[in-house]
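Worksheet: one structure, shown below.
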2 protein chains.
Amino acid sequence: MGVATRIEQALTKAIDTVAVPSCPPRLVEAVRHAVFPAGARVRPRLCLAVAAACGHGDDKAADAVAASIELLHCASLVHDDLPCFDDSPMRRGVPSVHRAFGEPLAVLAGDALIILAFENLARELTATPERLGPLLLTVGASVGMPHGITAGQAWECEPHVSVEDYHRAKTGSLFAAATAAGAQVAGQDAELWRVVGDRIGEAYQVADDLRDVAASAQEVGKPVGRDAVLNRPSAAGELGVDGAVDRLRQLVKGAVDAIPPCPGSDQLAEVLMAEARNIMPKGLAQRAA
Amino acid sequence: MGVATRIEQALTKAIDTVAVPSCPPRLVEAVRHAVFPAGARVRPRLCLAVAAACGHGDDKAADAVAASIELLHCASLVHDDLPCFDDSPMRRGVPSVHRAFGEPLAVLAGDALIILAFENLARELTATPERLGPLLLTVGASVGMPHGITAGQAWECEPHVSVEDYHRAKTGSLFAAATAAGAQVAGQDAELWRVVGDRIGEAYQVADDLRDVAASAQEVGKPVGRDAVLNRPSAAGELGVDGAVDRLRQLVKGAVDAIPPCPGSDQLAEVLMAEARNIMPKGLAQRAA
């Protein structure tokens, strides 16, 4: 079974477990709307690629970890789109959750997705209970305080903030968790792998900044030009488009160079470089080729 | 050390672990504001009372479970107070989190508290890793889909809802988890204890409805009369004040009768009856005595 199918099946299974008939139907709809149809699934694919590179045999546990990471990512998007933050009307080419279901269900769907991510870990790791705690802490740290997504988002509410801290927490943390947890579920040292995710996360953030200035709303599936409107820190704003493209390439090369020795390191390097081509806005990818 | 001190220490420890200097300071403030100063701490006290009645020796694990339950309760209050739900200006006698820190930090503080609750379990149960998964699932079910707090709150967004399902999910679920997890951390069968928490939770909901019609805002620490304004289901509205007081007493008696055989059952019965006197609005407690 291909990686993309494994991810969708793991997400479907996690949600089906709790989306039973006695659950409020509109909450179920809002949660499914937040997770399906598939976005790029960059983080779970990265997690599974690292687990495979480390020679992992327990697909069930790896799929569960990858799915939990994606559930947390979806939760962060739902809350990030709320009127009190970005007030984004669209996401993945369809109305954002609060536009489709109202603000109360958007808050609740985000909460429910966070909770489900942790429950899913506990439910799917019963065969290796000794791994649950360490994996939960890796995944939890990437979304919680002090350096996870909620903290990253909270930097937007502070009078003084370093761009690096902001991006590392808001975007990088879940990428670092994807590589760390991918290694961890394969029984490898999580910490050695964190830097790979950090650099991919930073590259992804640069690509996101580039898309915000250089792509069409149709290509991205959400409004563009928001960084300038909201006066948010942006690599494209700081370095210019060409400088940001260079930075993106350096970061991906840095990620590849940081891959620790493992059975599948060559294949993983190819995956990361293919990923870099994928995340670059289409026009720029042609220019950069 | 008394139970109240143990709870405050466990909550302080959980928050101090993540509230480090590199965390956004206003997020830290908002999280502390949501948790301190102490509310009634009914759920963690119930959890510790059950663990003690079951003859539990590992205070550290029990304290962690009790603290995680309270963190989740605080998270639900923060989100429940948001403008898109109750828009409550006050909580525990001070401004609600969104009034004190703004809506973005209120959303994020709630998210951070949910995440912290699960991290706290993983961090404090390292000595008994085989118990982490089952405890996490007990606690997670009480807040997630299909029958936890988020589902309960989501019933407010449905055109048709049974009052019983609504209250059981919105209030009862975390009480049922408090007794179930208290037994579980002591190595006892969680399911036998769930009904005790269910009944105490229902009693607490009736008391809350009574306070909403019969207490002063000063006594309660938040606005009263909100159920009628928001047209929410209420036991006091359905049964009248005297009927609701009778119902509350029956529920507490039912909870006491449901205590499974355990070394500390008599003491636990006393704790539950004292709790019932505590939660009754002051004027009604005198009338009922």
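A few remarks follow.
- A point 7 Å from Cα along Cα→Cβ stands in for A:Arg249, and the other copies hold the same point at 8.2 nm, listed in rising order.
- Note on the range A:3-288: Cα convex hull, mean projected area over all directions, 14.1 nm².
- Label spacing, shortest first and in nm, from B:Thr12 to its equivalents in the remaining copies (7 angstrom along Cα→Cβ): 5.1
- Exam field: A:Gly102 pseudo-label spacings to other copies (7 Å along Cα-Cβ), nanometres: 2.7
- Among B:Lys282, B:Lys253, the ranking by other beta carbons within 10 Å of each residue's beta carbon, starting with the fewest, stands as B:Lys282, B:Lys253.
- Sorting A:Cys84, A:Cys54 from the fewest to the most surrounding beta carbons within 10 angstrom yields A:Cys84, A:Cys54.
- Among B:Cys74, B:Cys262, the order by Cβ neighbours within 10 angstrom, fewest to most, reads B:Cys262, B:Cys74.
- Sequence-ordered 3J(HN,Hα) estimates for the range B:156-161 from the Karplus curve with 6.51, -1.76 and 1.60 and θ = phi - 60° stand at 5, 9, 9, x, 10, 8 Hz, glycine and proline given as x.
- Since only A:Val220, A:Val245, A:Pro261 are under comparison, the one whose Cα sits farthest along the positive direction of the charge dipole of the range A:192-281, derived from C-beta charges on Lys, Arg, Asp and Glu, is A:Val220.
- Among the residues of B:149-162, the average count of other protein chain beta-carbon atoms within 10 Å of the residue beta-carbon is 6.
- Given +1 at the Cβ of Lys and Arg, -1 at the Cβ of Asp and Glu and no other charges, the dipole of the range A:3-288 around its Cα centre is 580 debye to the nearest 20.
- Kyte-Doolittle at least 0.5, axis length at least 18 Å by Cα - qualifying DSSP helices, chain A: A:59-80, A:103-124, A:129-143
- Scanning residues 5 or more positions from A:Arg91 or on other chains, those with amide H under 5 Å from its amide H are A:Ser96, with H placed 1.01 Å from N in the peptide plane.
- Shape call, the range A:85-211: gyration tensor on alpha carbons, a/c limit 1.5: oblate
- Here the protein assembly as shown is treated with +1 on each Lys and Arg Cβ and -1 on each Asp and Glu Cβ, and its dipole about the Cα centre works out to around 200 debye.
- Relative contact order (%) - criterion: Cα under 8 Å, at least six apart; region: chain A: 19 percent
- Each peptide in B:201-212, B:266-277 was scored by the mean count of other Cβ atoms within 10 Å over its residues; highest first, the order is B:201-212, B:266-277.
- Cβ-defined net charge surrounding B:Ile69, 12 Å radius [Lys, Arg +1; Asp, Glu -1]: +1
Every read-out reported here was derived from the displayed coordinates using simple, explicitly stated rules and does not represent laboratory data. Values in this document were obtained by computation on a predicted structure and should not be read as measured data. No Cβ is skipped: glycine too gets one built from the backbone with ideal geometry, and neighbour counts run over all protein chains shown.
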